[in-house]
Amino acid sequence: MVRYILRRLLQVIPVFLGTTLLVYYMVFALPGDPIAALFGERQPPQSVIDTLRAQYNLDQPFWVQYGIFLKNIFTFNLGVDFTQQPIADSLARAFPVTAMLAIEALIIQAVFGIAFGVFAGLRRGKLFDSTVLIVSLVVIAVPTFVLGFVFQLVFGVQLGWAKPTVGANADWGNLLLPAFVLGLVSFAYVLRLTRATVSENMNADYVRTATAKGLSRPRVIMAHILRNSLIPVVTYLGANLGGLMGGAIVTEGIFNIPGVGNKLFQAIQRSEGPTIVAIVSVLVLVFVITNLLVDLLYAWLDPRIRYDQ
Amino acid sequence: MTSADIRIDEATAPVKPILEIRDLAITFKTGSGEVKAVKNAHLTIMPGETVAIVGESGSGKSTTALAAIGLLPNNGRVSGGQILLDGEDISHAPEKRMIELRGSHIGMVPQDPMSNLNPVWKIGYQVRETLKANGRPDGPKDVARVLAEAGLPDAERRAKQYPHEFSGGMRQRALIAIGLSCQPKLLIADEPTSALDVTVQRRILDHLDTMTTELGTSVLLITHDLGLAAERADKVVVMYQGNVVEAGPSLELLRNPQHPYTRRLVESAPSLASRRIQVAKEQGVASGDLLAPVAADESRVQDDVLQIKNLRKVYKLRQGLGKSSDFAAVDDVSFNVKRGTTTAIVGESGSGKSTVAKMVLQLEKPTEGQIIFDDVDTAGLKGKELFKFRRRVQPIFQDPYGSLDPMYNIFRTIEEPLRVHKIGSAASREKKVRELLDQVALPQSMMQRYPNELSGGQRQRIAIARALALDPEVIICDEAVSALDVLVQAQVLNLLADLQDNLGLTYLFITHDLAVVRQIADHVCVMEKGKLVETGSTDDVFDNPREAYTQALLDAIPGGSLLLPPAVA
């Protein structure tokens, strides 16, 4: 098992190099001059432009730029962005906010998705099941920016249950409303996936045998239906956490949350190569590690899967 | 109730039945209205008695048993009659009462050991939760004891393993352990061994017998095998289309069946048929006259159409990090197949018999050795020659549900090999398909239907028609009748025998069922763990088995120990 984990962690190296190279190249290939864009309508003196270009190594060819970037990464020096703020600082501010938002959204979709999914699956074809199915379909069909604004208006402005925007002081309470919006779409998928696997496993032979042993209904459901049904759901949730950590540009935009999505969006608008690549590098690590955790969880849930071969 | 209690009951009061089913009717709600799966079932099981329900699939035997433990599927319900457990009507008992009864009063051993254990829990856990739910001591020692009693060696260590680390036989032992762990008064055993090899089947049934006798458990045995039922049960109940058509003490019912359906069952049960041949031979009747119409004409040329020489197949087993070990699935196997005869390869799962079939069909390459077909070594066949060879050697596979393409209608299924081999025009191909359907005794109107509209027996006839389409010389039947009910099995075997007579076909018959072998084969090759352990004419092998393994296989045929007159009815 340890060997498997080590091998998976070693795989991070080529993945990391590949993705950063690709992203770096795409930023490099973006049309327009980032320095010129920085000054807007004004025309700065050539000496200023040259200084800035030299500072951000924009006067170097692509491979040199990428080499300098790699060197900086391994010396833990992410450099400064175009507003002369250290990139490491702004990442250190943005990531915890996004992490809080992502975890909250994940908990919401897991708890509600699995709970509703199990109830619907156990009572397939009944009123609760049909209602939940239709509602989940509506949730999937409505785009996030519509849901986000509606929630903001209803719960934030009219009912006043939560602050309509988050702003600088993001905490668990403030992030609850955006986390709901963010988690809602995946909630619908988790619900449908759980419902499908539960109603399939309900008819499994081993469930009938478990009942024949004299187990109570709750025990049959918890030990024999739920655990077996969770295997695909956990995979989906894990893959989803990576996506949520990438920052939700739309949701963070609507609720004005200073998270990764916001930062990334600004950096792309400004063609800020170093910031974009720094964010992406961290995201790659997050993705690889969450995927590894999901695979380990998977082996724990399903003993037939063995990695140490 | 312990056996001591039963004895007291016997002494003081008239013995009351453990289970009494009266006029039971069970209805299923389906998309096309209500279906009565069980119309009129009645049976009585006394304490310590074993009663078997026999019938083909769809006869309602399993449904009746499931109703007795309150496990009907959601769309099914008891629509009439009573199920009395120890005098208490449980046909409409509330779920709470059923949970109390299950495990402690009624135990169950299900059919398929592969799917009835939850793959994500350790065996020990699955035993423990049974003990716990029924208020028995559930420590690791108790779990190990329960497993050991069911004949699982090294139970303490085994309890820590998962189902996928167990063989089929071991899983079934674990399921028996679970079913009997709380000493129920009644055990429902639904085809408890039909998924297992004959020798394993015998050992497990013997053990089950011993355990239930010791505990004084009554057993309701569900089976499609009349021979097995007669051997294991005190009484047999025959069900047909939802009705109990006949019931009585096992031997009496077998010797003197009254209902026409029972008579047909007795006649076609392969295990009993073999026995009958045996008895007849002792009385001087040639076995060929009795059942097997396969004895080849004297005039027919008896050359060897297939010669298998020192055949070997080695698989590499991966053991991590580029290491591997060799596993010989087939090890130095040689035999000849005479034209126009039937040769059976018999063995348990893992004996390598199917691998031999695959190699003869050129679906697997032999590691060593030769397969000589019609004096030509098949190893050298390539391209066009291989294509021609395939035309002359055709397969029929075990699973008639899996081997027909569900998206092809019957016409297209049978016509496909003709089209692939570019034989005839569209019109002549259609004529050929019609002829083939006649040959396998299916109506020509079936051409436009799809496999899912047909029964298992009909599908297997389609598979036979498809195999015959190219006028092959050799047909390889890989467990071709194992998935079929006894009556259907008998029909298909008769069909194969007729076709052999009419067309001079040669069969290579791969099977684990010795009873079927006796009915159809001229020669038998017995395989064990990749090696050919015994070969000879069917009569020789059955009458004078030389190897202990062959003897064990023969002894394991259910119903083998029963004494029957040569021709019943």
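Before moving on, here are some points about what is shown:
- The heavy atoms of B:LYS388 present about 140 square angstrom of accessible area, all protein chains included, probe 1.4 Å.
- Solvent-accessible area buried by pairing B with A, both sides, nearest 100 square angstrom, 1.4 angstrom probe: 2300
- Extension reserve of the B:GLU95-B:LEU251 stretch, reckoned as 0.36 nm per residue once the Cα distance is removed: 52.3 nm
- In this simple spin-label model, placing a label point 7 Å from the Cα along the Cα-to-Cβ direction at both A:ARG227 and B:GLU368 gives a separation of 4.8 nm.
- In loop segments of segment A:1-79 as defined by DSSP, the trypsin sites (Lys or Arg not before Pro) with at most 14 further C-beta atoms inside 10 Å of their C-beta are A:ARG42.
- Under 15 Å from the A:LEU285 label point (7 Å along Cα→beta-carbon), backbone N, segment A:238-272: A:246
- Sorted largest first by accessible area at a 1.4 angstrom probe radius, with every protein chain in place, the residues A:ASP129, B:ASP154, A:ASP33 fall in the order B:ASP154, A:ASP33, A:ASP129.
- Spacing of the modelled spin labels on B:HIS164 and B:ARG391, each 7 Å from Cα toward Cβ, amounts to 4.6 nm.
- Charge dipole (chain A, unit charges on Cβ, about Cα centre) - positive-most of A:GLY67, A:ASN240, A:ASN77: A:ASN240
- Accessible area ranking (1.4 Å probe, heavy atoms, ligands and nucleic acids excluded), largest first, for A:TYR25, B:TYR315: A:TYR25, B:TYR315.
- Rel. contact order, % - alpha carbon contacts under 8 angstrom, at least six apart, chain A: 27
- Heavy atoms of B:VAL433: accessible area, 1.4 Å probe, square angstrom to 10: 0
- Computed label-point distance, nm, for sites A:GLN266 and A:PHE128 using a 7 Å Cα→Cβ extension: 4.7
- Heavy-atom accessible surface of the protein assembly as shown: percent carbon and sulfur, 1.4 Å: 57
- Entry note, the protein assembly as shown: the mean residue ellipticity at 222 nm calculated from DSSP H runs of n ≥ 4, each adding -39500 (n - 2.57), is -15000 deg cm²/dmol after division by the residues and rounding to the nearest 500.
- Base-10 log of normalised Debye intensity for segment B:122-183 (one unit scatterer per alpha-carbon) at q = 0.13, 0.28 Å⁻¹: -0.25, -1.24
- For segment B:79-228, taking the reciprocal of the average inverse distance between every pair of different Cα atoms yields a Kirkwood hydrodynamic radius of 15.9 Å.
- With all protein chains in place and ligands, DNA and RNA left out, the 1.4 Å accessible area ranks B:ARG102, B:ARG77, A:ARG219 as B:ARG77, A:ARG219, B:ARG102, largest first.
- Per-residue SASA remark: A:TYR189, around 100 Å² accessible (1.4 Å probe; ligands, DNA and RNA not included).
- Calculated Rg and Dmax of chain B using C-alpha coordinates, Å: 25.6, 83
- C-alpha center-to-center spacing [segment A:93-165, segment B:77-99] in angstrom: 44
- Taking each of B:LYS382/B:LYS531; B:LYS365/B:LYS529; B:LYS122/B:LYS313; A:LYS213/B:LYS122 in turn, the alpha-carbon distance tops 24 angstrom for B:LYS382/B:LYS531; B:LYS122/B:LYS313.
- Whole-number percent relative contact order across segment B:122-183, with pairs defined as alpha carbons under 8 Å at least 6 apart: 44
- Using C-alpha pairs below 8 Å separated by at least 6 residues, the relative contact order for chain B is 15 percent.
- Pairs of Cα atoms farther than 55 Å apart, the protein assembly as shown, %: 31
- A Förster radius of 45 Å combined with the Cβ-Cβ distance from A:VAL48 to A:VAL2 puts the calculated FRET efficiency at roughly 0.25.
- Buried on complex formation within segment B:113-149 (loss of at least 40 square angstrom of accessible surface versus the isolated chain, 1.4 Å probe, ligands and nucleic acids ignored): B:SER115, B:ASN116, B:ASN118, B:PRO119, B:VAL120, B:TRP121, B:GLU129.
- Rolling a 1.4 Å probe across the protein heavy atoms gives segment B:122-183 an accessible surface of 41 Å² per residue.
The values are calculated or read from the model by the stated rules, or taken from the named source; none is laboratory data. What you are looking at is a predicted structure, and each value in this text was computed from that prediction instead of being measured. When we count neighbours, we look across all protein chains shown, and the Cβ atoms used for this are built from the backbone with ideal geometry, even at glycine. Note: areas computed on protein heavy atoms with side chains; ligands, DNA, RNA excluded. Shrake-Rupley method; radii C 1.70, N 1.55, O 1.52, S 1.80 Å.
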